[in-house]
1. Quick one: net charge of Arg66's neighbours, Cβ under 14 Å, K/R +1, D/E -1?
2. Using the Cα centre of the stretch 10-205 as the reference point, and only Cβ charges (+1 on K/R, -1 on D/E), how large is the resulting charge dipole? Debye, rounded to the nearest 20.
3. For Ile199, list long-range residues whose amide hydrogen, built 1.01 Å from N in the peptide plane, is under 5 Å from its own amide hydrogen.
4. Ranking Glu100, Glu158, Glu89 by Cβ neighbours within 10 Å, fewest first, what do you get?
Amino acid sequence: MSNQFTAPITYFLEEGRANLRECLRTAFRAACNHNIRKIVIFTAQGLGVTIALDEFSSRPENAGIRLIAVTFPVGQPFKDAEGKPVEYEISTDLKRRFHENAIPVVRAHMPFDPISSQHRDRGVLGHDLSLVESALNAFGGSMSLCIQAVMIACDAGEVEWGEHVIALTSDTAILAQAAPTRRMLTDLAVREILCKPAIYNIGRGEKAEDKISQPPEMLAPGNKAIEGQIIPSTKEQDKKA
């Protein structure tokens, strides 16, 4: 038995929904290669599940792969680009369609979200777990959503404790060993990162032109797309000023 194996990773240039179809394609391909029978899709409005159902689930090679939708809990606050409150929900029609196709929609408190106290001077419950989310953001803003989706699906009984599944968002997909939230630190394991963004334009406001030496399609084999020099953020520059 070999003590190593090589697996491909797809890197998207930037974060965002534009990567959704390729992310789904990567996830289904990996599911077939690894004999994974469940794909957990974290979705705000059901788009990822809809595309998976319309474009991938009907293919013969994907027969037997079950879809599980995980979405934000009731009351999750969202704001638009102008800072105004906005709601994101899976429509009733889509919920009905998912139900007809045996796709459960799981909603629960996000494991890494703090619980707000009724009184501001009495602290924040679960604050330590929010630091886990911050740490996972080093892999991109969607990594924590993938991991939380696995735990939520396991908590709900849609995924077995110890079962290997694929979890994805619009731009990140992982192969993970599932565990309930209370066993996250002992049993949850990310086996493979299947795809992720290279530039964090949404989560950190990075710009590709500041990080990439030349467009990836122009690179010759062996050349590097990302230079070793790190451009300091505005906050770091302010500290030095």
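1. Working: positive: Arg37, Lys38; negative: Glu158, Glu160, Glu163.
Neighbourhood net charge equals -1.
2. 160 debye
3. Glu14, Glu15
4. Values: Glu100 8, Glu158 21, Glu89 14.
Ascending Cβ contact count within 10 Å gives the list Glu100, Glu89, Glu158.
No value in this document is a laboratory result; all are computed from the given coordinates. Since the structure is predicted, the reported quantities are computational estimates derived from the model, not experimental observations. Neighbour counts run over all protein chains shown; Cβ positions are idealised from the backbone, glycine included.
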